[in-house]
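Trainee: This is the structure, below, for whatever I ask next.
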Amino acid sequence: MSESQPPTRLTHAAGGNVPVGMPAFGPAGVGPAAFGRGGDSFNSENPLRPYFLALLRYWWLVLVAGGLSMALTWRKVRNDAPVFLASASIRITDPRPALTGNLAGEVAGGSGGWTDPVLTQIQVLRSRALAETVVDSAGLRLQSGTKGFYFGFIDSVSVSHLTPNDSLFLGIHRDSFTARFGKDTATGIYGLPFTISGIRFILREPPPWPRVTLRVLDREGAIDRLLGGIDARPRELTTVIDVNVTAPDPVLAQRSANALANTFQYFNAQSAQQQSRRRREFIQRQLQQTDRDLRDAEAALSSYRRGARSFSAKDKYAIETADLTALQKRHDDLTAMLASYQALLGGLTARDASRESIRTLPFSPEVAINTSVATLYQELQRLDRQRDSLTSGPFPRTSQHPEVRRVDAIIESTQLKLLTAVRSQIASIQSQLAGVDTQRDRGTSSIATLPAEEETEVRLTRNVDNVRKLADRLNEELQLAKINEAVETGQVEIVDLSRAGIGPLGKGRRQKLVLAFVIGLGFGAVAAILLDRLNSSVRRVEELESIVRAPTLAVIPQFGTETSGQALSRSERLRARLATIVTRARPSGMVPSTGESVGRELVAINDIRSVAAEAYRKLMTNLLYTSARPGLRTIVVASATSGEGKTTTAANLAVTFAQQGRRVILIDGDLRRARQHEVFGMPLEPGLTDFLIGNVPIERAIRATDSAGLSLIPAGKLPPNPLEFLAGDRMRELLVLLRERFDVVIIDTPPILATADASVLATFADGVVLVTHAGKTQRQTARLAAEQLRTVGARFLGAVLNDPDARTPKYDRYGGYYAAYGYNAT
């Protein structure tokens, strides 16, 4: 800094100005106390910041992962087969009541809540059992293996269950074609049915390819492919369902959609007819039993009349008999109804009851009128059929299969609901029977005085009338059941069939590529964070402060030295080596002239306005306010291992202090690999060792440098036992003497972990600065070095980070420590 420029000042938040050029380090009570012996107060940061920095450090890996994922996805999607869409429409209705005059009665909505019949039919439409039938009936196992070949050339396709998965090769000729499937070969004629190895189809005309390949898929694979392409959606506020099917062929999509609609309609009609047939069979069995009961009742009445004569002329008897007949009719109806429900309950609870006998019980007239029971039983029948489809057929599933077990669980739940409804109805009927019995007992007691013969005849006559009425009712129900069974319709009505497939549809390549790129970025980010975690070197200020438990006093960016990350050229290294040889050959008292150039490491002299020079000034400023008390005059600059930039840092720090008008002495205390004399272009001898052994006075060991106010004590002749020199009383006396003559004493020491020299000198000094190198200093070595300093009782001031990546003023945040503790640069 030139003398004409005013000195930079630091303004404390509490008031007052502190000039940087003060003769002593920070006054008592000034400066951040936390800059002392470490602590975790400097480690508070955003927990996501380390991950963000890792992504910035490995940004190339993140982009490569995203690009690679997108490239692999493009390679896959560019060869995707085209997709075509075909749609058919069906309507859910129940025409059977209209066709039969509503003879079967109304169908209840069921107990336990309302269910949407349209959504129920959609689930049936997407069932695997229906898909299996569609695959077999439409021959969907046969797929095209030749690009551009559509199924418009093929008709009436069917594939046998026994046909294995293989390719069918067709050789196209003018009047015929040849086919080869495995070891089988055959010749076919266009327009005529052709069969080979269980594959049957009609090739309408010669396709424009000399050779066509067809693939026979696995049956389960074809079913999964069909189910994956089905999309059934109801139209709003209607009972119409649009059945959409996608396929890689427009004709195949059309055939699949139409086959699915037709098969679904056929299945629904068959299910309705099967339900009507079971009802008819049940009524027929009940009618046969009623006919037998009627014959027995008529025979009993005829026998009684032949054996005895009875008279019934009294009006009272007639009236009482009529009332009693009505009560008996009610009693018999309730009894028949109770018997039906008890038979149903017994069939549901008996383990050995046959399934067929149980199925027919709910279709009795007494049970059918109960909407709740009828609905639950219809649901139980549907689940029963679903289980039968799972456990039978060409590929039956065992009872332990997850799908079978799921259906069994639903069946058990439905049976419990049905049992509850039946038991509730039985309790209600029994209550009504009790009331009828009470009334009947009163009527019976009123005619107790009538002749026993007349009473017997009346009873037998009433029994005959009741059985005859039941038989007439069952005959009517039987006729209705036959009519209902004859109706060949179900709840599904086809509105429109597909006429042609639409397409090809968009493949969504752009969305797939974007998604692949995002996923790739995610994997790249994970890999970057993992690599960052696996790297054991110190790279960030936050890491360094957490490891050494002390503040980072400055970050030194890259400049033209090896220690800062940029190697010298071969010619520059040669000139520096020659300069060193020349300076060593000078007489011991000679010093370089003012115009002679100094080493490139002295960026504080060579490029005073650079970012690196500013970083050294920030280091000096932070040291001014490091101490909470005055008296910090001797500073040791050390590193954990060699090659981390401590020599360069010590030299530039000394120059920076001298540029602020202080008297500074720099001691090269590295008696093993001395370099300060090379940095300043001076001879090695005489120096520190020469003074310590008494060969020269201190005045001859001190050399003046080109930087005003800065003197240097080189290492001198390198001894075999440096520790004995540095640990002696003469070294301690020297430091006391230099503190009296100079404002600042800076000592360059050997690496802390390599020798004990630095630890010894650290105990003599007022404070120690630990120099580290980003990407080179290992976390463990930095931690051990800081612990070593604290073990010997040295005052650890903080750390310096030489960062080759710090090329911009973004690291001005380290000057921001002033504001954090109440200071503002002005």
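The values are calculated or read from the model by the stated rules, or taken from the named source; none is laboratory data. Since the model is a prediction, treat every value here as computed from it, not as a measurement. Ideal geometry is used to build each Cβ from the backbone, glycine not excepted, and the neighbour counts take in all protein chains shown. Side chains included, ligands, DNA and RNA excluded: accessible areas come from the protein's heavy atoms. Shrake-Rupley method; radii C 1.70, N 1.55, O 1.52, S 1.80 Å.
Trainee: Would you calculate the separation in nanometres between label points at residue 526 and residue 266, each defined as 7 Å from the Cα along the Cα-to-beta-carbon direction?
Mentor: Going by the 7 Å Cα→Cβ label model, 4.9 nm.
Trainee: Ordered by packing density, taken as the mean number of other Cβ atoms within 10 Å over each peptide's residues, highest first, how do 664-674, 770-780, 468-478 rank?
Mentor: 664-674, 770-780, 468-478
Trainee: Right, here's the next one. Starting from the Cα of residue 441, step 7 Å along the direction of its Cβ; do the same at residue 473; then give the gap between the two resulting points in nm.
Mentor: The modelled label-to-label distance comes out at 2.5 nm.
Trainee: Report the net charge of residues surrounding residue 246, where surrounding means a beta-carbon distance below 11 angstrom and charges are Lys +1, Arg +1, Asp -1, Glu -1.
Mentor: Surrounding charge for residue 246 is -1.
Trainee: Then there's this: Output the peptides 197-205, 145-153 sorted from most to least packed, where packing is the average of other Cβ atoms within 10 Å over each peptide's residues.
Mentor: Order by mean packing, descending: 197-205, 145-153.
Trainee: Okay, next question. Once amide H atoms are built 1.01 Å from N in the peptide plane, which residues 5 or more positions from residue 556, or in another chain, come under 5 Å H to H?
Mentor: Under 5 Å from the amide H of residue 556 lie the amide H atoms of 801, 802, 803, each far enough along the sequence or on another chain.
Trainee: With the crude spin-label approximation of a point 7 Å out along Cα→Cβ, what separation in nm comes out for residue 326 versus residue 176?
Mentor: Label at residue 326, label at residue 176, 8.9 nm between them.
Trainee: Rounded to the nearest 20 Debye, what is the dipole magnitude of the range 740-795 about its Cα centre when Lys and Arg each give +1 and Asp and Glu each give -1 at the C-beta?
Mentor: 340 debye
Trainee: I've got another one for you. Could you pull out every residue, at least 5 positions away or on a different chain, whose amide H is within less than 5 Å of the one on residue 703? Hs are placed 1.01 Å off N in the peptide plane, and Pro or chain starts have none.
Mentor: Residues meeting the amide H criterion: 712, 713.
Trainee: Might you report the magnitude of the Cβ-based charge dipole of the range 614-726 about its Cα centre, with Lys and Arg at +1 and Asp and Glu at -1, to the nearest 20 debye?
Mentor: Dipole about the Cα centre, nearest 20: 360 debye.
Trainee: Could you report the range 660-777's accessible area per residue, 1.4 Å probe, as an integer in Å²?
Mentor: Result: 35 Å² per residue.
Trainee: Separate question: Using the structure shown, select from 76/183; 618/776; 618/646; 147/512; 147/183; 717/776 the pairs with a Cα to Cα distance greater than 28 angstrom.
Mentor: Those over the limit are 76/183; 717/776.
Trainee: Could you work out what % of the accessible surface of the range 683-788 is carbon and sulfur, using a 1.4 angstrom probe and leaving DNA, RNA and ligands out of the count?
Mentor: 52 percent
Trainee: Hey, another quick one. Could you tell me the calculated FRET efficiency between residue 401 and residue 227, based on Cβ-Cβ distance and R0 = 25 angstrom, to the nearest 0.05?
Mentor: That pair, residue 401 with residue 227, gives E of 0.90.
Trainee: Okay, next question. Length gain on complete extension for the stretch residue 733 to residue 209, per 0.36 nm per residue less the alpha carbon to alpha carbon distance?
Mentor: That works out to 178.3 nm of additional length.
Trainee: Same structure, new question: Would you please put 436-444, 276-284, 713-721, 399-407 in order of how densely packed they are, using the mean number of other Cβ atoms within 10 angstrom per residue and starting with the highest?
Mentor: My ranking of the peptides, most packed first, is 276-284, 713-721, 436-444, 399-407.
Trainee: Still on this structure, I have one more. Could you calculate the FRET efficiency of residue 186 with residue 288 from 1/(1 + (r/R0)^6), where r is the beta carbon distance between them and R0 is 41 Å, rounded to 0.05?
Mentor: About 0.10, to the nearest 0.05.
Trainee: Between residue 49 and residue 607, what's the calculated FRET efficiency when r is the beta-carbon distance and R0 is 25 Å? Round to 0.05.
Mentor: Using R0 = 25 Å, I get an efficiency of 0.20.
Trainee: Can you run phi through the Karplus equation (6.51, -1.76, 1.60; θ = phi - 60°) for the range 233-249 and list ³J(HN,Hα) in whole Hz, with x for Gly and Pro?
Mentor: Once rounded to whole Hz, the list reads 9, x, 7, 5, 6, 9, 9, 8, 10, 8, 9, 9, 10, 10, 7, x, 9.
Trainee: Below 10 angstrom from the Cβ of residue 633, what's the summed charge of the other residues (Lys, Arg +1; Asp, Glu -1)?
Mentor: -2
Trainee: Quick check: net charge around residue 482, other residues with Cβ under 12 Å of its Cβ, Lys/Arg +1 and Asp/Glu -1?
Mentor: Taking every Cβ under 12 Å from that of residue 482, the sum is -1.
Trainee: Given 0.36 nm per residue, what is the gain on full extension from residue 388 to residue 147 after removing their alpha carbon distance, in nm?
Mentor: 82.7 nm
Trainee: OK, next. Using 0.36 nm times the number of residues separating residue 71 and residue 515, minus their current alpha carbon distance, what extension gain do you get?
Mentor: 158.6 nm
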